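Have a look at the structure below, then the notes.
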Amino acid sequence: MRITMIGSGYVGLVSGTCFADFGHDVICVDKDEAKIRALEEGKIPIFEPGLDAIVAQNRRSGRLTFTTDLSSGLTEADVVFIAVGTPSRRGDGHADLSYVYAAAREIALGVKGFTVVVTKSTVPVGTGDEIERIMRETNPEADIAVVSNPEFLREGAAIEDFRRPDRIVVGLSDERAREVMEEVYRPLYLNRSPLLFTTRRTSELIKYAGNAFLAMKITFINEMADLCESVGADVQEVARGIGLDNRIGSKFLHAGPGYGGSCFPKDTLALVKTAQDHGSPVRLIETTVAINDTRKRAMARKVIAAFGGDVRGKTIAILGLTFKPNTDDMRDSPAISIIQALRDAGAQVSAYDPEGIENARPMLEGVTFGTGPYDIAEGADALVIVTEWNAFRALDFRRLAGVMRTPLLVDLRNVYSRDEVAPYGFGYLGIGRPL
Ligand code: UGA
């Protein structure tokens with residue numbers, strides 16, 4: 001298959017590369033010249049473990065190319081994927097579809113012969129209908145079928161998720177498009193990944209329903225964690241105790257500082273808006289959004305409370321800035337609100353992250369960035385783990401106790417326990433654990 005991928009951001013670059021790796025011929029397009037130039041030189045603009053090697057290999061084989069010129073990638077294409085961003089629109093929280101619709105117009109003018117146009121971007125229900133309308137209006141001659149094929153990969157585990165998905169969801173009504181999509185996903189299909197064909201609208205909703213459910217599951221365990229703190233129970237044991245019930249499942253039950261990232265916050269909000277527009281509000285998700293928003297600053301209050309409500313003159317060291325480990329992505333990371341709240345309360349903040357500092361720097365004014373855990377802990381009154389990078393899982397507490405002014409660990413990811421750190425003179429505050 002000849003595939004054109006419009007948008008070389010996270011989803012576009014990972015899926016385009018993996019499709020080339022399946023043996024398809026892939027052209028990745030992006031308007032950002034600097035990004036395309038970098039990719040042509042083998043430089044990967046995002047941090048994703050393993051991606052650089054697969055890009056290099058497929059570039060060498062000639063199956064993966066990069067360009068800023070969309071028209072050159074359209075005439076020969078069997079399938080054109082739209083993987084451009086759908087950020088939250090300023091002011092109202094709806095998904096901003098302007099990049100998607102602009103791509104649709106360009107595709108309509110450039111394609112030759114039967115072409116399947118697939119939305120991989122996360123788009124609200126009904127977007128496929130609008131794309132089809134725009135394309136037919138732009139070029140009534142174009143022989144196209146518009147398909148929905150949402151992506152479920154996680155940052156930091158994107159390649160593994162793409163190669164071994166729990167399922168592939170495809171929404172369409174055109175038989176020719178179905179055959180093309182079966183061919184595109186043949187290697188995964190042979191691998192027994194379930195390929196679920198449904199209607200376009202259902203497919204679009206599956207993506208939002210999936211992310212909203214996961215966000216709700218995290219928020220549920222976060223509220224249970226607060227309750228555990230009040231009643232003297234342990235949230236990790238509650239999570240294990242309920243997670244062993246197969247109907248509930250053990251994944252996404254790690255209590256923490258609230259979900260962040262480029263997907264859950266934006267997608268839950270967009271689902272809330274779509275549902276309200278259709279007069280069918282999703283109140284569970286409305287509440288999930290509200291709880292998660294307040295949780296981040298509540299985490300800062302937890303730290304402040306440990307100092308009797310006053311952190312003026314105190315130095316707080318923050319370990320981990322990205323919204324989760326194995327990414328350099330700072331979008332909607334809980335660390336941003338936590339640090340802002342600590343600074344508003346008068347604390348000095350020092351911080352370290354293995355990959356996120358460059359992206360964090362412009363967002364976090366007044367923060368001192370260090371070179372590692374022991375560096376930022378120097379003279380600090382508390383060490384706060386916000387992101388559970390593996391590099392923070394074997395800290396030397398003897399050494400930390402030696403350099404900190406007050407040895408206090410606030411562990412917002414429950415990486416350690418009181419028993420592990422107490423022998424070194426550390427005070428310990430976790431999430432949802434008996435005090
Ligand atoms: C999420 C979904 O997991 C993917 O399936 C989906 O494709 C993607 O959004 C998307 O729509 O593109 P991602 O945002 O990369 O993937 O990250 P997750 O691993 O899902 O984590 C999201 C947030 O939830 C992080 O802040 C993480 O720390 C938090 N989380 C996750 C918890 O606090 N507890 C958990 O048990 C799990």
#### Entry: Matching option when the condition is under 19 Å from Lys112 (Cβ atoms), outside any helix (DSSP H, G or I), of a type in the set (Ser, Thr, Tyr) and not assigned by TED's automatic domain parsing to the domain that holds Met330, among Thr86, Thr75
Thr75
#### Entry: Residue among Lys217, Lys207 that alone is buried (at least 23 other Cβ atoms within 10 Å of the Cβ) and within 14 Å of the ligand (Cβ to nearest atom)
Lys207
### Task
Please enumerate the residues belonging to region 295-321 that are in contact with a Gly (Cβ under 8 Å, 6 or more places away or on another chain) and β-branched (Val, Ile, Thr).
Val311, Thr315
### Selected residue (criterion: nearest to the ligand (Cβ to nearest atom)) from residues of region 344-372 that are in contact (Cβ under 8 Å) with a residue 24 or more places away in the chain and touching a Lys or Arg at 6+ places or on another chain (Cβ under 9 Å)
Asn359
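Looking at Thr327, is it buried (at least 19 other Cβ atoms within 10 Å of the Cβ), in the same structural domain as Val415 (by TED's automatic domain parsing), closer than 22 Å to Tyr428 by Cβ and within 16 Å of the ligand (Cβ to nearest atom)?
Numbers: buried (at least 19 other Cβ atoms within 10 Å of the Cβ): yes; in the same structural domain as Val415 (by TED's automatic domain parsing): yes; closer than 22 Å to Tyr428 by Cβ: no; within 16 Å of the ligand (Cβ to nearest atom): yes.
When the stated conditions are applied, Thr327 does not pass them.
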### Query
Here are Ser193, Ser280: which of them is outside the structural domain of Thr327 (by TED's automatic domain parsing) and either surrounded by 15 or more Cβ atoms within 10 Å (Cβ to Cβ) or away from the ligand (no atom under 16 Å from the Cβ) (or both)?
Ser193
### Message
Given the criteria over 29 Å from His278 (Cα atoms) and at pLDDT 95 or above, does Asp129 qualify?
### Response
no
## Note on the structure
Checking Tyr208, Tyr259 in turn, the sole residue that is among the aromatic types (Phe, Trp, Tyr) and in a helix (DSSP H, G or I) turns out to be Tyr208
### Task
May I ask you to list the residues in region 139-159 that are within 13 Å of the ligand (Cβ to nearest atom) and either aromatic (Phe, Trp, Tyr) or touching a residue at least 12 places away in the same chain (Cβ under 8 Å) (or both)?
Asn149, Pro150, Glu151, Phe152, Leu153, Glu155, Gly156, Ala157, Ala158, Ile159
### Summary
Of the residues in region 234-270, those that are free of Cβ contacts under 8 Å to residues at least 12 places away in the same chain, of a type in the set (A, V, I, L, M) and within 26 Å of Asp332 (Cβ to Cβ) number 0
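Looking only at region 97-118, filter to residues that are assigned to a helix (DSSP H, G or I) and of a type in the set (Gly, Ala, Ser); which one of those is farthest from Pro150 (Cα to Cα)?
At the first step, the residues of region 97-118 found to be assigned to a helix (DSSP H, G or I) are 98-110.
In the following step, the residues that additionally are of a type in the set (Gly, Ala, Ser) were identified as 98, 102-104, 108, 110.
Numbers: Ser98: 18, Ala102: 19, Ala103: 17, Ala104: 17, Ala108: 21, Gly110: 24 Å.
The qualifying residue farthest from Pro150 (Cα to Cα) is Gly110.
Might you let me know whether region 418-433 holds any residue that is under 25 Å from the mean Cα position of the chain (by Cα), surrounded by fewer than 23 Cβ atoms within 10 Å (Cβ to Cβ) and in a helix (DSSP H, G or I)? Let's see the steps before the verdict.
Start the filter on region 418-433 by keeping residues that are under 25 Å from the mean Cα position of the chain (by Cα), which leaves 430-432.
Filter again for surrounded by fewer than 23 Cβ atoms within 10 Å (Cβ to Cβ), leaving none.
The answer is no, given that none of the residues of region 418-433 is under 25 Å from the mean Cα position of the chain (by Cα), surrounded by fewer than 23 Cβ atoms within 10 Å (Cβ to Cβ) and in a helix (DSSP H, G or I).
The values are calculated or read from the model by the stated rules, or taken from the named source; none is laboratory data. Everything numeric here is computed off the predicted structure, so don't read it as measured data. As a convention, Cβ positions derive from the backbone with ideal geometry for all residues, glycine included, and neighbour counts pool all protein chains shown.
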